[in-house]
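Report on one structure; see the data block that follows.
The values are calculated or read from the model by the stated rules, or taken from the named source; none is laboratory data. Just so you know, these numbers come straight off a predicted model, no measurement behind them. In this analysis, Cβ positions are derived from the backbone assuming ideal geometry, glycine residues included, and neighbour counts consider all displayed protein chains.
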């Protein structure tokens, strides 16, 4: 059992937005940045009969926009590979935590990268901005309950208020908006937004374009 050192104040990002993930059923529930460590709280849902899950000790957080990296120092609730957590049923969830050194305040985007040879976890452009995350979660929550037009309006308002043609979060928003227009059957709007994405200078643009194609939003 890992005992986390207690600090009076932590900066906590609840359900931070991220752009690209290797595992669709993996959620980042929160990130806690303490004076001396960073705790990434994760939930993964099993979708396979006799499914299993583990995390490699060679796992890192990386500054998405720089060169710094921070190696995993501890984990709680998840076995280190090659040991495995064995799921008992489809739909079962596993909550666990990964611990890294403290991240400087000026870092706004991080990647989570597992160093292994098979089915490695990779999550890119995790956003460390509480206000922006709250606004994105507002739109996403509306989407999840079927209020597509209201969700779309939230994302459009975010784009209008803060678009800088640089930050990766806007690539995420482009994908969200295309997904909503896809569900609304608005092919012209999908094409318009996709063209905006292609003409942008957003970090990770080519990855977002590839994701839009791979998920069938565009051809």
Could you check the stretch 17-49 and list, in sequence order, the residues that are modelled with pLDDT of 95 or more and in contact with a helix residue (DSSP H, G or I) (Cβ under 8 Å, 6 or more places away or on another chain)? none
Could you list, in sequence order, the residues of the stretch 103-120 that are surrounded by 15 or more Cβ atoms within 10 Å (Cβ to Cβ) and more than 21 Å from residue 203 (Cβ to Cβ)? 114, 116, 120
Selection count, the stretch 104-121, where residues are within 21 Å of residue 34 (Cβ to Cβ), out of contact with any helix residue (DSSP H, G or I) (no Cβ under 9 Å at 6 or more places or on another chain) and part of a strand (DSSP E or B): 3
Test residue 164 against the stated conditions and say whether it is modelled with pLDDT under 95 and in contact with a helix residue (DSSP H, G or I) (Cβ under 9 Å, 6 or more places away or on another chain). yes
Which of the following residues is in contact with a strand residue (DSSP E or B) (Cβ under 9 Å, 6 or more places away or on another chain), farther than 13 Å from residue 31 by Cα and in contact (Cβ under 8 Å) with a residue 60 or more places away in the chain: 116, 81? 116
Residues of the stretch 14-32 that turn out to be surrounded by fewer than 19 Cβ atoms within 10 Å (Cβ to Cβ) and farther than 20 Å from residue 120 by Cα, as a count: 4
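Table: residues versus (1) assigned to a loop (DSSP other than H, G, I, E, B); (2) modelled with pLDDT of 95 or more; (3) surrounded by fewer than 17 Cβ atoms within 10 Å (Cβ to Cβ).
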residue: 174; (1), (2), (3): no, yes, no
residue: 177; (1), (2), (3): no, yes, no
residue: 180; (1), (2), (3): no, yes, no
residue: 190; (1), (2), (3): no, yes, no
residue: 195; (1), (2), (3): no, yes, yes
residue: 206; (1), (2), (3): no, yes, yes
residue: 219; (1), (2), (3): yes, no, yes
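Residue by residue, here is whether (1) part of a loop (DSSP other than H, G, I, E, B); (2) loosely packed, with under 14 Cβ neighbours inside 10 Å holds:
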residue	(1), (2)
136	no, no
155	no, no
160	no, yes
165	yes, yes
